[in-house]
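What follows is a short report on a single structure.
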Amino acid sequence: MASSCSFTSPLCTWLVAACMSFTCGSRDPHQPPSVLRRYTNNKREGLSAARRRKLSAKCGVGGEVVNGSLVSSFSGSSHSIQSLMASCLPFEPCNEYYSSVSSLGFFGDNGFSSFFGSNNSTATLNRRQRRLRLNRVTRSGEAMAVAVQPDEEVTTKKKPHMKQRRVVVTGMGLVSPLGHEPDVFYNNLLEGVSGISEIETFDCTSFPTKIAAEIKSFSTDGWVAPKLSKRMDKFMLYLLTAGKKALADGGITEDVMNELDKSKCGVLIGSGLGGMKVFYDAIEALRISYKKMNPFCVPFATTNMGSAMLAMDLGWMGPNYSISTACATSNFCILNAANHIIRGEANVMLCGGSDAAVIPIGLGGFVACRALSQRNNDPTKASRPWDINRDGFVMGEGAGVLLLEELEHAKKRGAKIYAEFRGGSFTSDAYHMTEPHPDGVGVILCIEKALAHSGVSREDVNYINAHATSTPAGDIKEYQALIHCFGQNRGLRVNSTKSMIGHLLGAAGAVEAIAVVQAIRTGWIHPNINLENPDAVVAIDSGHECACGPKERETRG
């Protein structure tokens, strides 16, 4: 692409425009192009004969029409070429333009016959004239084409083979219904503790759903400035806290921070819904007067502002944005962040997701979708992926952030390495806003592409932390897709972290990624609670097992 741009000039651009002006699309092959068409009737539907003759003389159009295409229509003197330019261009070229064009050496004594002339003229061309040659196309019904043929072949040097940059996880930070430290969080998961309870932050007696995985105790002390804490939406507070905790967990101290190349450090943390509380409060304030609105309501409601605020706080000048793709938000952010490192655009990336939608408008919206469980009398049993008595998902809130780093960069600073990111993929069902495709084609394609991209054999996969939200259709279609891809893998273990923390929306993928990293570290996978009566489609006894008891399955690697 770059080389083609380097060959572009005002003259070549004008030639293409001129040729297009004198050709047309579908027409009678026995008629000349419309610009030269003879009008035989007396109706005033075109130029007069005198004006047409004048235009033809002015433009130097003396060529013949063959099969509806204009041939040698530009032959004539350089003066006629200037006249053609003056009449056909939307502006009158200045003398400097004419002199600059003639100085290119394209116009000989024969004008444009140097381009479109006979073979006999080829021998008389000098080296500069031979450098570019324009060929005509005279096939019936086709527009005249202008082709640039270089005198010599253009050779490009092959880029030296670059070793693939590897991406590793060197830090983790989270804010979750089961704890705000990775070890506390995972120990609660291993013990089968549920973080789902009755909603306490607002009065929900008028809602059919009264339960959620709320964050009961949370403090930004030491992580976020008090002034900002009073103004920011909770999703931003969760994000900033989890992000800085990931840095601390990764050993990025103040001294290390000063040594980092800030232009190669980025933040890519998304949100599915953004600052819903800030926006909701602004709407309520607007009922009184716009003067009562929070001046930060618009920026603090956008999904990218959390990443932006964290980057400004850290002084990181690398890639900085957010991706908002509903439940897949965190996965998109993690994969894109890894790709920035692989391509050499960054050495260090904070990535993940954050959401805080357990507020009246958030709860009401999902209730209206009929997507939430209404098991209010037994909240800890409400989220039950793959169970035959599941009746919808449970809302959760929180944030998860991974510190990704280029392997050699991490080793150079002596960082502890938790796991390696091998690859991933993006696909779409292209089917429905909320319902999965009946055949699971999108999930299957994504898994297959991810395996191919990462170079991992499906036989080597022994644990999957599934999406499994506890919805009637979603759980089964996902499970069937997993069986399609890993049906021959008898040692596969599958579970759903959502059985204990509910659905954290845009933060789900990152928090569950931390659970996967913890499983790799500890060698234990957590149970899938509330799977008391598996759906008939879920064949537990086939060898594709769901973890059902505390710490009962040990991973193989």
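The values are calculated or read from the model by the stated rules, or taken from the named source; none is laboratory data. In this text, all values refer to a predicted model and were calculated from it rather than measured experimentally. Cβ atoms come from the backbone with ideal geometry, glycine included; neighbour counts cover every protein chain shown. Quick note on the areas: whole protein, heavy atoms, side chains included, nothing else; ligands and nucleic acids left out. Shrake-Rupley method; radii C 1.70, N 1.55, O 1.52, S 1.80 Å.
Ignoring ligands, DNA and RNA, what percent of the 1.4 Å accessible area of segment 299-375 is carbon and sulfur?
Percent of accessible area from carbon and sulfur atoms in segment 299-375: 59.
For a quick protection proxy, order the peptides 350-362, 371-383 by their average other-Cβ count within 10 Å, most packed first.
350-362, 371-383
Can you pull the one-decimal nm distance between simple spin-label points at residue 184 and residue 285, each 7 Å off the Cα toward Cβ?
The two pseudo-label positions are separated by 3.2 nm.
Rank-order 388-400, 447-459, 275-287 by packing density, defined as the average count of other C-beta atoms within 10 Å over each peptide's residues, highest first.
My ranking of the peptides, most packed first, is 388-400, 275-287, 447-459.
Accessible area per residue for segment 266-371 in Å², computed with a 1.4 Å probe and the full protein assembly in place, what is it?
Per residue, segment 266-371 has 42 Å² of solvent-accessible surface.
Could you please report the charge total around residue 455, scoring K, R as +1 and D, E as -1 over all other residues with beta-carbon less than 15 angstrom from its beta-carbon?
Here the charged neighbours net out to +2.
Report the paramagnetic label zone for residue 520: residues of segment 454-480 whose backbone N is under 17 Å from a point 7 Å from Cα along the Cα-to-Cβ axis.
454-466
With θ set to phi - 60°, apply the Karplus curve 6.51 cos²θ - 1.76 cosθ + 1.60 along segment 280-287 and write out the HN-Hα couplings as whole Hz, x wherever there is a Gly or Pro.
Karplus values, whole Hz, x for Gly and Pro: 4, 5, 5, 5, 5, 5, 5, 4.
Leaving out ligands, DNA and RNA, and with a 1.4 Å probe, what % of the accessible surface on segment 158-298 is carbon or sulfur?
55 percent
So for the pair residue 407, residue 216, with labels modelled 7 Å out along Cα→Cβ, what separation do we get in nm?
So the two model labels end up 4.4 nm from each other.
Highest mean first, how do 432-443, 491-502 rank when packing is the count of other Cβ atoms within 10 Å averaged over residues?
Top to bottom by mean Cβ count within 10 Å: 491-502, 432-443.
Provide the FRET efficiency to the nearest 0.05 for the residue 202-residue 166 pair, computing r from the beta carbons and using R0 = 56 Å. Don't skip to the end; give the middle numbers.
Values: r = 46 Å, r/R0 = 0.82.
Here the calculated transfer efficiency is 0.75.
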